[in-house]
Amino acid sequence: MSLLTELKHKKILVLGIGITGLSCVQFLHAQNLCFVVNDSRTNPFSSTYKQSQFIVDFPNIEMHLGHWDKTLIAQADLIIVSPGIDIVAEGINKYIRSDCKVWGDIELFCQFNNELSQPISILAVTGSNGKSTVVSLLQYLAEKLEIKSQLGGNIGEPVLNLLSESLNTQINEKSAGIFSTAEQFFILELSSFQLESLSSMNAIAGCILNVSDDHLDRHITFNNYKSIKQRIYQQSDIAIVNRDDSATQPLNIKQKVISFGRDKPEQGHFGIELVDGINSLMFGDQVLIAIDKLPLAGIHNALNYLATLALGTCAGWSLDLMIEHLTGFTGLAHRCQRVKSEDGIVWINDSKATNVGATIAAIDGLSQLSSTTNQLILIAGGDGKGADFSPLQHELKEKVTQLITLGRDGDHIAQLVNNAIAVDSLEQAVHTAKNLANKGDMVLLSPACASFDMFKGYSDRGEQFITCVQKLAEVG
């Protein structure tokens with residue numbers, strides 16, 4: 001029995017009607033499946049897509065808003081849950097039957113993809129930090145190599161929208177008598193929330209870039225968080241592993257592994273070696289490219305390049321051609337992004353560093369760009385999401401000249417050093433940094449925290465930082 005036929009006889013419940021939930025609704029509706037929608041919010045719709053529009057688009061879909069409906073949950077055979085909903089914290093799990101399947105949108109996507117006569121190949125990436133950079137670089141390289149690929153998951157378009165587009169393309173090509181033999185790829189960035197409900201992904205390769213304290217307000221313990229990340233290996237033919245991070249080591253030692261790291265690599269693996277006095281990316285004993293030729297600075301970004309090349313190699317992409325195009329990728333906004341300024345100070349916007357590991361990576365990577373006589377001034381703080389900040393202490397004491405803190409958990413970070421300066425706003429933080437910095441010094445916004453205590457999101461925080469820096473430059 002096909003999956004579609006099976007689901008036609010199931011009671012399906014979609015929990016959450018945000019961006020992901022809406023993509024689930026659109027996909028299920030396109031398959032002519034019957035389902036019910038439930039959201040605890042009275043008005044879960046956005047200003048760009050209102051409830052009235054939903055009713056017009058889906059007039060026959062039953063919708064229950066304002067509370068989690070215990071009866072609907074208890075009756076469901078299949079629950080499609082949005083990744084932002086913690087079914088344990090919300091108390092939903094108490095009403096789910098033992099024989100009820102609980103899927104996220106990625107699992108629904110994989111179930112349908114697996115049933116295609118030619119399933120689309122998957123490259124999957126997770127990690128506490130750097131995953132958006134890696135998948136975006138991977139997508140960029142695919143475009144340059146003229147390889148059909150689509151980027152989704154925790155970034156960009158919801159995966160079910162991508163699957164619908166691919167299905168429509170295949171149908172149209174077949175009706176036109178076009179039978180393409182070229183391999184196609186889905187490049188997926190996967191969060192721990194998405195991995196929790198994922199069990200059917202058959203990826204060519206899965207990569208864990210790194211694992212550091214994050215989302216412990218939901219996952220409770222680091223070991224639980226780490227085990228959730230490990231699920232990506234269990235659903236991939238090849239594990240891409242960070243040699244520098246023991247938490248990324250696969251539990252199944254029989255699995256094929258390709259590793260990357262800061263040290264000289266063995267044959268068949270990726271690493272870094274000093275060649276003629278210059279640090280270079282390596283594949284075994286093959287010199288790939290000098291690190292100082294790459295646009296993304298810092299050792300953490302060198303590791304991101306290596307992970308990307310490992311993934312592309314697993315997909316059968318030409319290593320030489322990938323190296324050719326590496327220098328054309330300029331990175332993502334709010335991720336170690338240099339802010340234009342005429343004051344001689346190096347201002348770095350790393351607002352996307354929403355956890356401790358990301359900030360450590362930024363300090364470690366960027367401190368190598370400063371001479372021993374230049375200051376590195378760090379602005380940090382926000383909503384720590386229950387994280388342990390103590391791993392920051394060594395970096396703060398050894399590599400940061402001055403710490404400026406703000407936000408809900410700023411005081412917890414300030415306690416790690418003796419000379420921290422606490423401020424009440426980002427504007428005040430930038431003013432303080434400006435007064436402390438001299439030409440050639442670096443001011444790094446790398447909060448180690450989420451932004452929702454003071455901002456709409458990390459991008460809003462980053463944009464406000466840029467605005468503050470540029471206003472100061474005008475005044476100066």
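Taking each residue of the stretch 89-102 that is in the same structural domain as Ile79 (by TED's automatic domain parsing) and under 17 Å from Lys11 (Cα atoms) and looking for partners that are modelled with pLDDT of 95 or more and hydroxyl-bearing (Ser, Thr, Tyr) with beta-carbon atoms closer than 9 Å, six or more apart or interchain, yields Tyr95/Thr71. Scanning the stretch 418-441 for residues that are within 19 Å of Ser367 (Cβ to Cβ) and free of Cβ contacts under 8 Å to residues at least 24 places away in the same chain, we see that the one that is surrounded by the fewest Cβ atoms within 10 Å (Cβ to Cβ) is Asn419. Inside the stretch 54-103, residues that are touching a strand residue (DSSP E or B) at 6+ places or on another chain (Cβ under 9 Å), exposed (fewer than 13 other Cβ atoms within 10 Å of the Cβ) and among the small types (Gly, Ala, Ser) make up a count of 1. Residues of the stretch 41-92 that are basic (Lys, Arg) and within 22 Å of Glu107 (Cβ to Cβ): none at all. Scanning the stretch 455-469 for residues being more than 12 Å from Lys434 (Cβ to Cβ) and crowded, with 17+ Cβ neighbours inside 10 Å gives a total of 8. Step by step: first the residues of the stretch 339-398, then only those that are of a type in the set (Lys, Arg) and over 16 Å from Gly440 (Cα atoms), then the one that is surrounded by the fewest Cβ atoms within 10 Å (Cβ to Cβ). Which residue is that? Here the answer is Lys397. So which pairs qualify, if the first residue must be in the stretch 201-213 and in the same structural domain as Val135 (by TED's automatic domain parsing) and among the β-branched types (Val, Ile, Thr), the second must be assigned to a loop (DSSP other than H, G, I, E, B) and buried (at least 24 other Cβ atoms within 10 Å of the Cβ), the Cβ gap must be under 6 Å, and the two must be at least 6 apart or on different chains? What qualifies is Ile208/Gly127; Val211/Ser128. Just wondering, is there one or more residues in the stretch 316-336 that are in contact with an Asp or Glu (Cβ under 8 Å, 6 or more places away or on another chain), within 29 Å of Glu266 (Cβ to Cβ) and not assigned by TED's automatic domain parsing to the domain that holds Met442? Yes, the stretch 316-336 contains at least one residue that is in contact with an Asp or Glu (Cβ under 8 Å, 6 or more places away or on another chain), within 29 Å of Glu266 (Cβ to Cβ) and not assigned by TED's automatic domain parsing to the domain that holds Met442.
Of the residues making up the stretch 302-328, those that are part of a helix (DSSP H, G or I) and either small (Gly, Ala, Ser) or at pLDDT below 90 (or both) are Ala302, Ala307, Ala310, Gly312, Gly328. Considering only the stretch 295-327, state which residues are small (Gly, Ala, Ser) and under 13 Å from Val241 (Cα atoms). Listed by number, the residues that qualify are Ala307, Ala310.
In the stretch 398-420, of all residues being touching a helix residue (DSSP H, G or I) at 6+ places or on another chain (Cβ under 9 Å) and either of a type in the set (Phe, Trp, Tyr) or in a helix (DSSP H, G or I) (or both), the one that is farthest from Ala437 (Cα to Cα) corresponds to Ile413. No other residue among Leu444, Leu472 is of a type outside the set (Asp, Glu), surrounded by 16 or more Cβ atoms within 10 Å (Cβ to Cβ), touching a Cys at 6+ places or on another chain (Cβ under 9 Å) and in contact (Cβ under 8 Å) with a residue 40 or more places away in the chain apart from Leu444.
Residues of the stretch 284-307 that are β-branched (Val, Ile, Thr) and either farther than 20 Å from Ile208 by Cβ or without any contact (Cβ under 8 Å) to a residue 12 or more places away in the chain (or both): Val287, Ile289, Ile291.
Restricting Phe452, Phe389, Phe465 to those that are touching a residue at least 60 places away in the same chain (Cβ under 8 Å), out of contact with any Asp or Glu (no Cβ under 7 Å at 6 or more places or on another chain) and under 21 Å from Arg335 (Cα atoms) reduces the list to Phe465. When Asp99, Asp86 are screened for being of a type in the set (Asp, Glu), modelled with pLDDT of 95 or more and not in a helix (DSSP H, G or I), only Asp99 passes.
Within the stretch 114-155, the only residue that satisfies the criterion of being buried (at least 19 other Cβ atoms within 10 Å of the Cβ) and basic (Lys, Arg) is Lys131. In the stretch 237-256, which residue that is of a type in the set (D, E, K, R) and modelled with pLDDT of 85 or more is surrounded by the fewest Cβ atoms within 10 Å (Cβ to Cβ)? This residue is Lys256. Taken together, Ile187, Ile178, Ile155 contain a single residue that is at pLDDT below 90, under 25 Å from Ala361 (Cα atoms) and not in a helix (DSSP H, G or I), which is Ile155. If you go through the stretch 228-236 one residue at a time, do you hit one that is crowded, with 21+ Cβ neighbours inside 10 Å, modelled with pLDDT of 95 or more, among the aliphatic types (A, V, I, L, M) and in a helix (DSSP H, G or I)? Looking through the stretch 228-236, at least one residue is crowded, with 21+ Cβ neighbours inside 10 Å, modelled with pLDDT of 95 or more, among the aliphatic types (A, V, I, L, M) and in a helix (DSSP H, G or I). For the stretch 329-351, the criterion of being of a type outside the set (A, V, I, L, M, F, W, C), touching a Pro at 6+ places or on another chain (Cβ under 6 Å), within 19 Å of Pro295 (Cβ to Cβ) and part of a loop (DSSP other than H, G, I, E, B) is satisfied by at least one residue.
Selection of the stretch 38-67 for residues being acidic (Asp, Glu) and assigned to a loop (DSSP other than H, G, I, E, B) yields an empty set. Only one entry in Thr20, Thr48, Thr42 is among the polar types (S, T, N, Q) and without any contact (Cβ under 8 Å) to a residue 12 or more places away in the chain, namely Thr48.
The values are calculated or read from the model by the stated rules, or taken from the named source; none is laboratory data. This is a predicted model, so every value here is computed, not measured. Neighbour counts are summed over all protein chains in view; Cβ atoms, including those assigned to glycine, are modelled from backbone coordinates with ideal geometry.
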